[in-house]
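What follows is a short report on a single structure.
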Amino acid sequence: MTIRIMATRNENPAPFMAVHPGMMIKPELEERRISQKDFAKMVGIQASHLSEVLNGKRALTTDLAVKIESAIGLPAKVLLAAQAQYELESANPTSDNMEKETIAITIPVGDRNLLREIVRRFGWVGVF
């Protein structure tokens, strides 16, 4: 199944702006009332390392994405796709906005509800 996330907010078209996956993980921890220190222990990394990921100062690795998925259920594929898109946009910030209006993420059917929640939380429009 392919899910296309389009950069549209409140019915007004806007250029897509990639977000670091830390911006997806951090609110999830806050909503679940899990401290960064406790979560760092859960996934087996230093609290300072986690803080850098959550604040967009360090890239999310595949290994950490898999651990996050195991710990709280955020799909590693979604997090890694966000990291890749963020890196591409950061590497070429002057590229044409038309190229950045949509991204496609392929996820398992079982993760559809979680992706809907991510789409809702960040104000994007998801085409399923």
Of all residues in the range 81-93, count the ones that are farther than 14 Å from residue 58 by Cβ, of a type outside the set (Gly, Ala, Ser) and buried (at least 18 other Cβ atoms within 10 Å of the Cβ).
1
Looking only at the range 32-59, which residues are open to solvent by less than 80 Å² (accessible area, probe 1.4 Å) and hydrophobic (A, V, I, L, M, F, W, C)?
34, 39, 40, 43, 45, 47, 50, 53, 54, 59
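The values are calculated or read from the model by the stated rules, or taken from the named source; none is laboratory data. Fair warning: this is a prediction, and the values are worked out from it, not measured in the lab. A quick note on method: Cβ atoms are made from the backbone with ideal geometry, for glycine too, and the neighbour counts reach across all protein chains shown. For the accessible areas, the whole protein counts, side chains as well, though only heavy atoms, and no ligand, DNA or RNA atoms are used. Shrake-Rupley method; radii C 1.70, N 1.55, O 1.52, S 1.80 Å.
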